[in-house]
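Below is one structure, written out as structure tokens, with a few remarks after it.
The values are calculated or read from the model by the stated rules, or taken from the named source; none is laboratory data. Predicted model only: the values in this text are computed from it and were never measured. Neighbour counts are summed over all protein chains in view; Cβ atoms, including those assigned to glycine, are modelled from backbone coordinates with ideal geometry.
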Amino acid sequence: MGFAVRLRQHARPLSVAPGETILEAALAQGVAYPHGCRSGNCGACKSRLHDGEVELAPFSEYALSEAERAEGLILACRALPWSDAEVSWLDSDEIVLHPQRRLVCRVAALDELTHDIRRVRLAIEAGGPFDFSAGQYASLAFGALPPRDYSMANRPDEALLEFHIRRMGAGSVSAYVAERLRPGDAVIAEGPLGAAHLRATHAGPILAIAGGSGLAPIKSIVETALASGSRQPIHLYVGARDERDLYLVEHFASLEAAHENFRFVPVLSEPLRATRRRTGFVHEAVAADFAALDGAKAYVAGPPVMVEAATALLVEELGLAREHVHADAFYTEADKAARSVAAG
């Protein structure tokens, strides 16, 4: 026996089976529920519980804080009803829902960005058109390997899809991309996904913070904003361990030279030799440069530790409202698997 969950943005109640999350039931019943990772890590499916009881499977504190939970917020992807209930997803500012596509692609180009990050460019052969907002991601399947999520690094108006794929220690998919993927190979892409995208009508300052291959969605956001003729200040901070971990430095330096409203700041946390670059953690560089962020929006992407530290700084020290921080934490498959085990 399941439960009936009334969704305020949908005409008919959802039928949610035992052990099924609200998000799973909604998607299965054709509801375009805002969502991203489906594993309690991104916060894109954050919702308000108006009535009833739900159990929340383990989730990231970044995706849903204790304060938000105390206010009656839940994550639909982790919410298991214990009774009939009533919920609504949050009407976040400018959440955009694009049609979901299954694209048949071919590898158009490959190149090495760093010692462990490879750029993959894909040409869409079937399944389009593919509309997405700068900052979103897609699920990519290489051959018979399981799909993995990677952010688009290109602007939405560009024909080729661009991804920056970092080789992970025990990752079979990233190892395949690093060693075996070749131009002409077929790739299946599904999406778009994610709510940490550019808010196109926002006219205030933009603060973008990237760590590692988190530069991919941030690149898309910054380039899209600049290409649209935006005149507001745009600050890009990129964190890396050492010089060899930085990439596209000349590209962003040229953008900085071409756009007087754009500032590019690379930061090294563990340089092996003397450097003229900023050093320390990337969020510390932001703290040193700003006393407040009135009217700004922040876009943050990269390793979870960096994303959480940057988000805490922006909200707790610089006074930016949490709803103006749009963040994408790059959890590994091992992280997700550990969370799934804990949920079981």
Pair list, Cβ < 9 Å and 6+ apart or interchain, from segment 243-272 residues that are over 25 Å from G204 (Cβ atoms) to residues that are in a loop (DSSP other than H, G, I, E, B) and hydrophobic (A, V, I, L, M, F, W, C): E243/L272; R244/L272; Y247/L113; L248/L113; L268/L246; S269/F281
Test for E61: is it surrounded by fewer than 18 Cβ atoms within 10 Å (Cβ to Cβ), in contact with a Lys or Arg (Cβ under 8 Å, 6 or more places away or on another chain) and either acidic (D, E) or under 23 Å from E316 (Cα atoms) (or both): no
Can you find even one residue in segment 253-276 that is closer than 23 Å to D157 by Cα, surrounded by 14 or more Cβ atoms within 10 Å (Cβ to Cβ) and either of a type in the set (S, T, N, Q) or modelled with pLDDT under 95 (or both)? yes
Looking only at residues in segment 132-147 that are surrounded by 12 or more Cβ atoms within 10 Å (Cβ to Cβ) and more than 19 Å from T332 (Cα to Cα), which one is farthest from the chain's Cα centre (by Cα)? G143
Looking only at segment 116-128, count how many residues are within 25 Å of L246 (Cβ to Cβ) and part of a strand (DSSP E or B). 6
Qualifying residues in segment 193-208 (those that are of a type in the set (G, A, S) and buried (at least 24 other Cβ atoms within 10 Å of the Cβ)) - the one nearest to L318 (Cα to Cα): A208
Which listed residue, of I234, I221, is β-branched (V, I, T), surrounded by 21 or more Cβ atoms within 10 Å (Cβ to Cβ) and in contact with a Gly (Cβ under 8 Å, 6 or more places away or on another chain): I221
Can you spot a residue in segment 296-310 that is free of Cβ contacts under 8 Å to residues at least 60 places away in the same chain, under 19 Å from the mean Cα position of the chain (by Cα) and within 30 Å of T201 (Cβ to Cβ)? yes
Since L226 meets every condition but one in (1) in contact (Cβ under 8 Å) with a residue 60 or more places away in the chain; (2) crowded, with 17+ Cβ neighbours inside 10 Å; (3) of a type outside the set (K, R); (4) more than 26 Å from E308 (Cα to Cα), which condition does it not meet? (1)
Residue in segment 30-42 that is without any contact (Cβ under 8 Å) to a residue 24 or more places away in the chain and closer than 21 Å to Q100 by Cβ present: yes
Somewhere in segment 283-290, is a residue surrounded by fewer than 16 Cβ atoms within 10 Å (Cβ to Cβ), part of a helix (DSSP H, G or I) and without any contact (Cβ under 8 Å) to a residue 12 or more places away in the chain? yes
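So that you can scan it fast, the table gives a plain yes or no per residue for (1) touching a Gly at 6+ places or on another chain (Cβ under 6 Å); (2) of a type in the set (A, V, I, L, M); (3) outside the structural domain of S230 (by TED's automatic domain parsing); (4) closer than 19 Å to G40 by Cβ:
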residue	(1), (2), (3), (4)
F290	no, no, no, no
L293	no, yes, no, no
P303	yes, no, no, yes
V307	no, yes, no, yes
E317	no, no, no, no
V325	no, yes, no, yes
Can you find a residue that is assigned by TED's automatic domain parsing to the domain that holds V177 and among the aromatic types (F, W, Y) anywhere in segment 122-130? yes
Considering residues that are crowded, with 17+ Cβ neighbours inside 10 Å and among the acidic types (D, E), the number found within segment 150-184 is 1
Looking at segment 11-47 only, could you name the residues that are touching a Phe, Trp or Tyr at 6+ places or on another chain (Cβ under 8 Å) and among the basic types (K, R)? K46
Answer from V238, V222, V177, V173 - the residue that is part of a helix (DSSP H, G or I) and under 18 Å from the mean Cα position of the chain (by Cα): V222
Can you name the strands (runs of 3 or more DSSP E) wholly within segment 68-115 that have at least 3 residues being surrounded by fewer than 19 Cβ atoms within 10 Å (Cβ to Cβ), among the aliphatic types (A, V, I, L, M) and modelled with pLDDT of 95 or more? 101-112
